[in-house]
1. Leaving out ligands, DNA and RNA but keeping every protein chain, what accessible area does S42 have, in Å² rounded to the nearest 10, with a 1.4 Å probe?
2. Just the number, please: carbon plus sulfur as a percent of the accessible area of region 33-90, 1.4 Å probe, no ligands or DNA/RNA counted.
3. Give the accessible surface of region 40-145 per residue, rounded to a whole number of Å², with probe radius 1.4 Å and ligands, DNA and RNA excluded.
4. Under a crude label model (7 Å from the Cα following the beta-carbon direction), how far is R32 from S103 in nanometres?
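The values are calculated or read from the model by the stated rules, or taken from the named source; none is laboratory data. Since the structure is predicted, the reported quantities are computational estimates derived from the model, not experimental observations. Here the Cβ is made from the backbone with ideal geometry for all residues, glycine too, and neighbour counts use every protein chain on show. The area values use the complete protein model at the heavy-atom level, side chains included, leaving out ligands, DNA and RNA. Shrake-Rupley method; radii C 1.70, N 1.55, O 1.52, S 1.80 Å.
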Amino acid sequence: MTVTDPVSAPDAEGRPRRTTRRFPLFTRDTARPEGGGRAAASDAPAPARQWPILAVLSAVGLGLLLTALDVFRFGTILIGVALLAGAVMRWTLPSVGMLAVRSRFTDMLTYGVLGVAIVLLALMAQPNPWLEIPFLDDTLHFTVR
């Protein structure tokens, strides 16, 4: 059976659920994100099934601990690198469990932009920044000083 309406999705038997192009007033269900299946077999223990999100959260937790222990730069760099690792896992692995929140592209873009921003800000943090971008100092000179 073919679905003639581009908006409707087939049900379990393959029949279209809606025959109109109008969206329903109330959403009854949502689709699982692409790649949102379990990262390990269903007979594996729960932590093993969700290892991608646990790896990212563990690295972020360690980064927060380092930041709390006054190792600010290394801690924040670790947090940014953990987000970048989440973006790479979202791109390369077919199923990442709960690391999949939205579409693959949106997740990769979100994790990647936030990871790069956190790493760059950690590298530029005062005092004694490891990275200096000259045009930012000129911009600050003309806007604030």
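1. 80
2. Using a 1.4 Å probe with all protein chains present, region 33-90 comes out at 74 percent carbon and sulfur.
3. Solvent-accessible surface per residue comes out at 64 Å².
4. Label-label distance for R32 and S103, simple model: 2.0 nm.
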